[in-house]
Amino acid sequence: MRNLTEDNLTEIVLASLANCTDPRLKDVMTSLLSHLHAFVREVEPTPEEWFAGIRFLTETGHMCDDRRQEFILLSDTWGVSMLVDAINNRKTAGATESSVLGPFYVEGAPERDNGADLAPGEGPGVAVRGHVRSTDGKPIAGALLDIWQTAPNGLYHVQDGAQEEYHLCGKVRTAADGSYRFRTLKPVPYAIPTDGPVGKWLGRVGRHPNRPAHIHFIVSAPGFKPVVTQLFTEGDEYLDSDAVFGVKQSLVIDYQPASGEWRASHDFVLEPDAA
Ligand code: BEZ
Ligand code: FE
């Protein structure tokens, strides 16, 4: 391996994978290195520009810890999380569409009664109700809705020392007729974290960091594919410019005024595991 040139370098680097015994890794690395070399050939970065890229990734890594995942934020804001999601969640017609999980989901939220209030004493609240059904239209009893959202200050409980653990989170199980209901706060739009390299990058490319108001759900039931999704608010100013590209029209719901608060409804549709 001598006399490497601009012309033969890519070919020689790809050939260096010849002894990789994991076929998937070999395919992935062949594709990654081919695209990366093609990118460099197209962009022709100066050494300073290449180092700026390396510094950006280094800063992204330094921003990560147990509670903060800047690389997920990067993947989200570059649309890669939603692309991976789309590829892995091709749905049969009628099944609830998925959306990005986001970095603020915490497993282990307490299971609460169907009808529970996730925000006792706080308002303005919204009574959310609906059914969980199978793609064949049958109600699914005992389906689990794992729910989380931000407080009115735009922060999830994990981001905010002032909130109790699992504030505005909970698991609710559907009744025998597949129905569910719970009360929560009407969600607000919020900005994804802007204090790290991803936030700075958004500014540099002329983008805002906001997400339209939403409630997160993971809906699951034995024998069905779980769906990770969100319900967005009709009329929200950021529906068409979500910083993480997560909005789908089928997930946009209306909030109707009701007794000084709000009500909203949505049916979730799961597809059988084997479909
Ligand atoms: C979220 O909706 O929680 C979220 C998704 C992607 C990036 C940041 C936050
Ligand atoms: Fe969110």
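The values are calculated or read from the model by the stated rules, or taken from the named source; none is laboratory data. Just so we're clear, the structure is a prediction, and the values are computed from it rather than from any experiment. Note that each Cβ is placed from the backbone with ideal geometry, even for glycine, and that neighbours are counted across all protein chains shown. These accessible areas exclude ligands, DNA and RNA; they are computed on the full protein's heavy atoms, side chains included. Shrake-Rupley method; radii C 1.70, N 1.55, O 1.52, S 1.80 Å.
Here is how the numbers come out for the structure above:
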read-out: Criterion (over 23 Å from G199 (Cα atoms), of a type in the set (D, E, K, R), at pLDDT 95 or above and not in a helix (DSSP H, G or I)) met by exactly one of E97, E42; value: E97
read-out: Criterion (hydrophobic (A, V, I, L, M, F, W, C) and under 18 Å from T77 (Cβ atoms)) met by exactly one of A258, A243, A213, A221; value: A243
read-out: Matching option when the condition is touching a residue at least 24 places away in the same chain (Cβ under 8 Å), within 16 Å of ligand 2 (Cβ to nearest atom) and open to solvent by 30 Å² or more (accessible area, probe 1.4 Å), among L145, L118, L185, L101; value: L101
read-out: Selection count where residues are open to solvent by 50 Å² or more (accessible area, probe 1.4 Å) and either within 15 Å of ligand 1 (Cβ to nearest atom) or outside the structural domain of T194 (by TED's automatic domain parsing) (or both), scope region 104-115; value: 2
read-out: Hey, G142 part of a loop (DSSP other than H, G, I, E, B), modelled with pLDDT of 95 or more and among the small types (G, A, S) or not; value: yes
read-out: Residue within region 75-83 that is over 28 Å from W201 (Cα atoms), outside any helix (DSSP H, G or I) and not aromatic (F, W, Y) present; value: no
read-out: Selection count, region 6-38, where residues are under 23 Å from W50 (Cα atoms), assigned to a loop (DSSP other than H, G, I, E, B) and either open to solvent by 90 Å² or more (accessible area, probe 1.4 Å) or at pLDDT below 95 (or both); value: 2
read-out: Residue check, A86 in the same structural domain as V219 (by TED's automatic domain parsing), hydrophobic (A, V, I, L, M, F, W, C) and in a loop (DSSP other than H, G, I, E, B); value: no
read-out: Breaking point among (1) touching a His at 6+ places or on another chain (Cβ under 9 Å); (2) within 14 Å of ligand 1 (Cβ to nearest atom); (3) under 25 Å from F268 (Cα atoms), for H157; value: (3)
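Every residue, every condition in (1) away from ligand 2 (no atom under 16 Å from the Cβ); (2) open to solvent by 10 Å² or more (accessible area, probe 1.4 Å), yes or no:
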| site | (1), (2) |
| --- | --- |
| H216 | no, no |
| P222 | yes, yes |
| Q230 | no, no |
| G235 | yes, yes |
| F245 | no, yes |
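Table: residues versus (1) in contact with a Pro (Cβ under 9 Å, 6 or more places away or on another chain); (2) under 29 Å from D160 (Cα atoms).
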residue: N3; (1), (2): no, no
residue: T21; (1), (2): no, no
residue: T77; (1), (2): yes, yes
residue: D113; (1), (2): no, yes
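The rows are residues; the columns are (1) charged (D, E, K, R); (2) within 17 Å of K91 (Cβ to Cβ); (3) at pLDDT 95 or above.
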{"residue": "R207", "(1), (2), (3)": "yes, no, yes"}
{"residue": "Q230", "(1), (2), (3)": "no, yes, yes"}
{"residue": "G235", "(1), (2), (3)": "no, no, yes"}
{"residue": "Y238", "(1), (2), (3)": "no, no, yes"}
